[in-house]
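Encoded as C-alpha cells, the structure appears first; notes follow it.
The values are calculated or read from the model by the stated rules, or taken from the named source; none is laboratory data. All values derive from a computational prediction rather than experimental measurement. Reconstructed Cβ throughout: ideal geometry from the backbone, glycine too, with neighbour counts over all protein chains shown.
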Amino acid sequence: MTKLTIGICVYDDYDGAYFTLQSLRLHNRDIIDRLEFVIINNNPNSNEGKALYNYKNWIKEPLSYIEYDNFSSTALRDKIFGLANTEYVLVMDCHVLLANGSLKKLLDYYDSGKDKGNLLHGPLLYDDLEGYSTHFDLSVWGSHMWGQWACDPRAESKNSKPFEIEGMGLGLFTCRKDSWLGFNDKFRGFGGEEGYIHEKYRRAGKKVMCLPFLRWNHRFDRPGGVPYTNDLKDRFRNYMIGHQEIEKDTSIVIEQFKDVIPADFIEKVKKELGICEKI
C-alpha cells in the first residue's frame, strides 16, 4: 500500500504549523500508519522556531525534522523530497487545511497508478469554503507574479474527473518522489517557482493536473505582517533564473519589474546570467 510523506517548511509560523500538523494527524487516524512527516525549520533560533522544535516531540508518527538557516526561501520546499522516505510526497504551506477525506482519496489515486509521474494539485477553497480556484492562468501577470487565480467549473464537484491545468499556486502540490523535477538551486527569497515548475514538467513530457477531490484552504491574512523578507528583487531574480532555465524570454520578466526594480540591479542579474542586451 502506498505511503505518503507530507512536508512543510516553516519560517516563524508556529501557530500555522501547529494547527496544520495537528489537523492532519487528528483527522486522518484511519490512514495514519501510511503517513510520515517532514518539517524544515527555517528560523530555528527565534522564539517561534524554538517552539516548533519543542512541538516536534509530540509527533509520534515517523518524522524528519531539520533546521536550516543558511538562507530563507520558499524554494527550500525542494529539500522535502530529499528527506522523504516514501514513494509519494505531498508538500504544503504550513498554514493549510485539507478537506475531510481528501488524503485518503489521494492515496487511493496513487494506489490506482493514475498519477503517471505528473505534478498534481487540487482546488484552493476560499474562506467561505464554497468559492474556489483551480489553477493559475499563465497568460497574464499581476502584482509582479506570473499567473493569476482562475476557476474551471469542471471542479465544481469533488467527484469530477481530474483534468489538465496550466499551473497553480504552490501552497499544495504532490507527485512521486522520483518524478520531482526540482527547483533551481540558485533561487533565493520568496516567490518565482509558480509557472516555472509547471513549464518544466511540460517540457519533460509530463502534465500538470487538478484533482477535484484534493481541496485545500489556505490562510492568507497575516494581521501582524509576514515575518520573513518579501523582497521584489529576490522574486525578479528568481523569475529571471527560471525563465532562462526553461528557455522563455527573460525580457518579459524585465518588462514586469522595470518600474519597481532599480536598473542597476536588473543589469547585475543580467550579467550574472550572461544576458547582454541593455534594458
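Taking the range 121-165 as the search range and keeping residues that are of a type in the set (A, V, I, L, M) and assigned to a loop (DSSP other than H, G, I, E, B), which one is surrounded by the fewest Cβ atoms within 10 Å (Cβ to Cβ)? Explain how you work it out, then say what you get.
Taking the range 121-165 as the starting set, the residues that turn out to be of a type in the set (A, V, I, L, M) are 124-125, 129, 138, 140, 145, 150, 155, 165.
From what's left, assigned to a loop (DSSP other than H, G, I, E, B): 129, 165.
Working: Leu129: 11, Ile165: 22.
Applying the filter and picking the extreme gives Leu129.
Being within 30 Å of Gly101 (Cβ to Cβ), touching a residue at least 60 places away in the same chain (Cβ under 8 Å) and not charged (D, E, K, R) is the filter here; which residues of the range 22-72 pass it? First the steps, then the outcome.
Of the range 22-72, the ones within 30 Å of Gly101 (Cβ to Cβ) are 22-41, 52, 55-65.
If we keep only those that are touching a residue at least 60 places away in the same chain (Cβ under 8 Å) as well, we get 23-24, 27-28, 30-31, 34-35.
Ser23, Leu24, His27, Asn28, Ile31, Leu35 - these are the residues of the range 22-72 that are within 30 Å of Gly101 (Cβ to Cβ), touching a residue at least 60 places away in the same chain (Cβ under 8 Å) and not charged (D, E, K, R).
Taking the range 184-238 as the search range and keeping residues that are small (Gly, Ala, Ser) and in a loop (DSSP other than H, G, I, E, B), which one is surrounded by the most Cβ atoms within 10 Å (Cβ to Cβ)? Give the derivation first.
Step one: list which residues in the range 184-238 are small (Gly, Ala, Ser), which gives 189, 191-192, 195, 204-205, 224-225.
Adding the requirement that they be in a loop (DSSP other than H, G, I, E, B) leaves 191-192, 195, 204-205, 224-225.
Working: Gly191: 21, Gly192: 28, Gly195: 23, Ala204: 11, Gly205: 7, Gly224: 6, Gly225: 7.
Only one residue tops the list, namely Gly192.
Among the residues of the range 46-74, count how many are more than 15 Å from Arg25 (Cα to Cα), modelled with pLDDT of 95 or more and of a type in the set (A, V, I, L, M, F, W, C).
Count: 3.
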Would you confirm, using the coordinates I've provided, whether Gly113 is at pLDDT 95 or above, surrounded by fewer than 22 Cβ atoms within 10 Å (Cβ to Cβ) and in the same structural domain as Ile31 (by TED's automatic domain parsing)?
no
Over the range 8-56, the set of residues among the acidic types (Asp, Glu) and surrounded by fewer than 17 Cβ atoms within 10 Å (Cβ to Cβ) is Asp15, Asp30, Asp33
Is it fair to say Gly169 is within 17 Å of the chain's Cα centre (by Cα) and not β-branched (Val, Ile, Thr)?
yes
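Would you mention how many residues in the range 1-43 are over 21 Å from the mean Cα position of the chain (by Cα), of a type outside the set (D, E, K, R) and modelled with pLDDT of 95 or more?
Restricting attention to the range 1-43, the residues satisfying the condition of being over 21 Å from the mean Cα position of the chain (by Cα) are 1-2, 26-34.
Retained after the next criterion (residues that are of a type outside the set (D, E, K, R)): 1-2, 26-28, 31-32.
Going one step further and asking which of them are modelled with pLDDT of 95 or more, we end up with 26-28, 31-32.
Total meeting the criteria: 5.
On the basis of being in contact (Cβ under 8 Å) with a residue 40 or more places away in the chain, in contact with a Phe, Trp or Tyr (Cβ under 9 Å, 6 or more places away or on another chain) and under 15 Å from Val208 (Cα atoms), does Gly122 make the cut? Break it down stepwise before answering.
Details: in contact (Cβ under 8 Å) with a residue 40 or more places away in the chain: yes; in contact with a Phe, Trp or Tyr (Cβ under 9 Å, 6 or more places away or on another chain): yes; under 15 Å from Val208 (Cα atoms): yes.
Here the answer is yes, as Gly122 does meet what is asked.
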